[in-house]
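Enquirer: Just passing along the structure, written as structure tokens.
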Amino acid sequence: MKVHEYQAKDIFSAYGIPVEKYILCHNADEAVKAYEKMNLPTVVVKSQVLTGGRGKAGGVKLAKNKNEVQLHTTDILKLIIKDYPVEKVIISEAVNIASEYYVSFTIDRNTKAVILIMSAEGGMDIEEVANKTPEKIHRSAIDPFIGLPDFLARKYAFKLFDNIDLVNQAATILQKLYKLFVDKDASLAEINPLVRTGDNKLIAIDAKMDFDDNALFRQSEIHSLFEPTEEEKVEAYAKKKGFSYVHLGGEIGCMVNGAGLAMATMDMIKLYGGNPANFLDIGGSSNPTKVIDAMNLLLKDSDVKVVLINIFGGITRCDDVAQGLLTAFEQIKSDIPVVVRLTGTNEQEGRDLLKNTRFKVAETMGEATRMAVELS
Ligand code: GDP
Ligand code: MN
């Protein structure tokens with residue numbers, strides 16, 4: 001789960017990591033009021049969206065007077081950055097930047113540890129630095145039993161600075177950032193850029209945090225910051241209904257029992273030149289309410305042109321499944337084509353039940369997939 005920069009900065013502040021002052025605003029009037037209240041000559045208007053690269057997209061702008069605050073806020077609130085419409089901005093104290101650094105903690109699967117990543121070449125082009133000059137990126141795995149005591153924090157800080165005052169400031173920031181990373185079950189805590197100001201103070205002017213979804217049950221404060229996208233709302237509905245669902249963006253809605261069969265179904269759709277709209281594992285049982293819930297889920301996606309139901313009847317008998325489908329579709333108001341492939345226990349009985357109904361029945365997976373691809 002991601003949070004906005006301003007929310008990450010609130011967490012940073014609570015842990016004593018220096019950040020500049022800001023006020024959150026939802027429109028240009030609020031922004032102008034915030035500017036007057038802050039009483040500073042120069043501020044930065046910064047879009048708040050759950051994605052990076054705002055600077056390059058025109059979502060970060062300096063403003064030197066009321067008029068510029070008004071204009072920039074209006075412009076930025078019209079932006080859509082990587083599919084995220086900008087709905088709020090912060091008016092933030094402008095910082096006099098002498099140099100920009102990159103600092104983050106994340107989970108590294110190779111070392112099976114939290115890893116500290118740092119670079120003296122922070123700022124908006126960090127991806128390019130990583131690609132072209134990877135030697136400028138320092139990576140240090142953190143031993144979970146040792147953590148980041150003073151001597152280690154200083155050792156790492158020396159990779160960025162040689163002035164002892166700056167090393168001490170950086171070491172403290174690293175320790176605080178590591179502590180909040182662990183405390184909050186984060187999967188990313190990133191400062192890019194960490195800035196050295198003209199008078200040699202270190203300050204985090206950007207803050208990015210990502211949290212482990214599986215730990216949100218014990219991080220209620222973090223969880224309360226969750227702002228689902230439309231797609232995440234659908235995934236949350238699926239979760240509530242007990243399904244595993246992943247939106248994929250194609251036209252063929254898939255309803256399958258079993259994760260392996262669902263994966264194979266998606267592969268086969270691709271093989272025949274189609275595009276799966278989703279991965280959906282509805283699990284076992286022939287319960288009609290489950291089919292109704294699953295159909296409601298698939299039909300929320302307006303790209304879906306055809307539904308492919310692929311069921312293997314093991315313990316669940318195919319005739320039960322067919323009966324469940326018939327019952328369920330009495331309540332589903334949609335004339336979208338539905339291809340059904342049933343195989344396993346009592347498959348013939350199942351297929352017979354579906355003969356001359358709204359369903360297009362296929363015997364093999366290949367036949368079903370071809371039909372679905374054609375219809376899509
Ligand atoms: P991102 O592009 O989404 O990562 O947004 P950032 O918050 O990192 O801002 C992008 C860039 O804007 C930074 O790398 C800085 O160069 C610049 N910037 C942000 N805040 C200030 C500021 O207060 N003063 C100045 N001069 N530049 C800033
Ligand atoms: Mn940044």
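The values are calculated or read from the model by the stated rules, or taken from the named source; none is laboratory data. None of these values were measured; they are calculated from a predicted model. Please note: Cβ atoms are built from the backbone with ideal geometry, for glycine as well, and neighbour counts cover all protein chains shown. Accessible surface areas use protein heavy atoms only, side chains included; no ligands, DNA or RNA. Shrake-Rupley method; radii C 1.70, N 1.55, O 1.52, S 1.80 Å.
Enquirer: Compute, for the stretch 186-257, the length of the dipole vector about the Cα centre, with Cβ point charges of +1 (Lys, Arg) and -1 (Asp, Glu) only. Units Debye, rounded to 20.
Expert: On the way: 8 positive and 13 negative charges, 45 e Å.
Computed about the Cα centre, the dipole is about 220 debye.
Enquirer: Let me ask something else about it. Which angle between 0 and 90 degrees, to the nearest 10, do you get for helix 164-183 versus the longest principal axis of the chain when only C-alpha atoms count?
Expert: Compared with the principal axis, the helix lies near 30 degrees.
Enquirer: Shifting gears a bit: Based on the Kirkwood radius over alpha-carbon pairs, what is the Stokes-Einstein translational diffusion coefficient of the stretch 77-150 at 37 °C with 0.692 mPa s viscosity, in µm²/s?
Expert: In µm²/s, the coefficient is 214.
Enquirer: Filter the trypsin sites (Lys or Arg not before Pro) in the stretch 76-158 down to the DSSP loop ones having no more than 11 other Cβ atoms within 10 Å, then list what survives. If you can, show how the numbers build up before the last one.
Expert: Working: sites: Lys78, Lys82, Lys88, Arg109, Lys112, Lys132, Lys136, Arg139, Arg154, Lys155; in loops: Lys78, Lys82, Lys88, Arg109, Lys112.
For trypsin sites (Lys or Arg not before Pro) across the stretch 76-158 that sit outside H, G, I, E and B with at most 11 neighbouring Cβ atoms in 10 Å, the list reads Lys78, Lys82, Arg109, Lys112.
Enquirer: Also, quick follow-up: What is the dipole size for the stretch 251-309, taken about its Cα centre, with +1 at each Lys and Arg Cβ and -1 at each Asp and Glu Cβ, in debye to the nearest 20?
Expert: Details: 4 positive and 6 negative charges, 15 e Å.
My answer is approximately 80 debye.
Enquirer: Please express the Cα-Cα pair-distance distribution P(r) of the stretch 157-275 as a list of whole percents, one per 5 Å bin, running from 0 to the bin with the greatest distance.
Expert: Reading upward from the zero bin: 2, 8, 13, 14, 11, 10, 10, 9, 7, 6, 5, 3, 1.
Enquirer: For the chain, give the share of DSSP beta bridges that are antiparallel, in percent and rounded to the nearest 5; count only bridges with both residues there. Don't skip to the answer; put the middle values down first.
Expert: Details: 48 of 67 bridges.
About 70 percent, rounded to the nearest 5.
Enquirer: Follow-up question, since we're still on this one. Loop only per DSSP, at most 13 neighbouring Cβ atoms within 10 Å: give me the GluC sites (Glu not before Pro) in the stretch 60-105, ordered by residue number. Don't skip to the answer; put the middle values down first.
Expert: On the way: sites: Glu68, Glu87, Glu93, Glu100; in loops: Glu87.
Within the stretch 60-105, the qualifying GluC sites (Glu not before Pro) (loop, at most 13 other Cβ atoms within 10 Å) are Glu87.
Enquirer: Give the accessible surface of the stretch 46-168 per residue, rounded to a whole number of Å², with probe radius 1.4 Å and ligands, DNA and RNA excluded. Working shown, then result.
Expert: Details: 6830 Å² over 123 residues.
With all protein chains present, the stretch 46-168 gives 56 Å² per residue.
Enquirer: While we're looking at this one, here's another question. Starting from the stretch 118-203, pick out the chymotrypsin sites (Phe, Trp or Tyr not before Pro) whose DSSP state is loop and whose Cβ has at most 11 other Cβ atoms within 10 Å. Please report the intermediate quantities before stating the final value.
Expert: Details: sites: Phe145, Phe151, Tyr156, Phe158, Phe161, Tyr178, Phe181; in loops: Phe145, Phe158, Phe161.
Filter output for the stretch 118-203: Phe145.
Enquirer: Which FRET efficiency, nearest 0.05, do Asp303 and Asp212 yield, Cβ-Cβ r, R0 35 Å?
Expert: Numbers: r = 30 Å, r/R0 = 0.86.
That gives a FRET efficiency of 0.70.
Enquirer: Let me know the charge dipole size of the chain about its Cα centre in debye, to the nearest 20, where only the beta-carbon of Lys, Arg (+1) and Asp, Glu (-1) is charged.
Expert: The dipole magnitude comes to about 380 debye.
Enquirer: Next up: Calculate the all-directions average of the projected area of the stretch 139-189's alpha-carbon convex hull, and give it in nm².
Expert: Values: hull surface 14.0 nm².
Taking the Cα atoms of the stretch 139-189, their convex hull projects to 3.5 nm² on average.
Enquirer: Going by a ≥ b ≥ c, the root eigenvalues of the Cα gyration tensor, does the stretch 1-112 fall in the rounded group (a/c under 1.5), the prolate group (a/b larger than b/c) or the oblate group?
Expert: Numbers: a/c = 2.02, a/b = 1.51, b/c = 1.34.
Judged from the Cα gyration tensor, the stretch 1-112 comes out prolate (a/c at least 1.5, a/b above b/c).
Enquirer: Of all the accessible heavy-atom surface of the chain, with the other protein chains kept in place and a 1.4 Å probe, what percent is carbon and sulfur? Mind dumping the intermediate values first?
Expert: On the way: 9470 of 18590 Å².
For the chain, the apolar C and S fraction of the accessible surface comes to 51 percent.
Enquirer: Grab every C-alpha pair in the chain, bin the distances at 10 angstrom width from 0 up to the longest one, and report whole percents.
Expert: For the chain, the pair-distance distribution reads 5, 20, 22, 18, 16, 13, 6, 1, 0.
Enquirer: At 0.36 nm per residue, and after removing the present C-alpha to C-alpha distance, how many nm does the segment from Leu62 to Asp143 gain when stretched out fully? Walk me through the numbers on the way to the answer.
Expert: Details: separation 81, 0.36 × 81 = 29.16 nm, distance 4.09 nm.
Computed gain between Leu62 and Asp143 is 25.1 nm.
Enquirer: A further question on this structure: So if I take the centroid of the Cα atoms in the stretch 333-376 and the same for the stretch 85-137, what is the distance between those two points in Å?
Expert: First find each Cα centre; the distance between them is then 51 Å.
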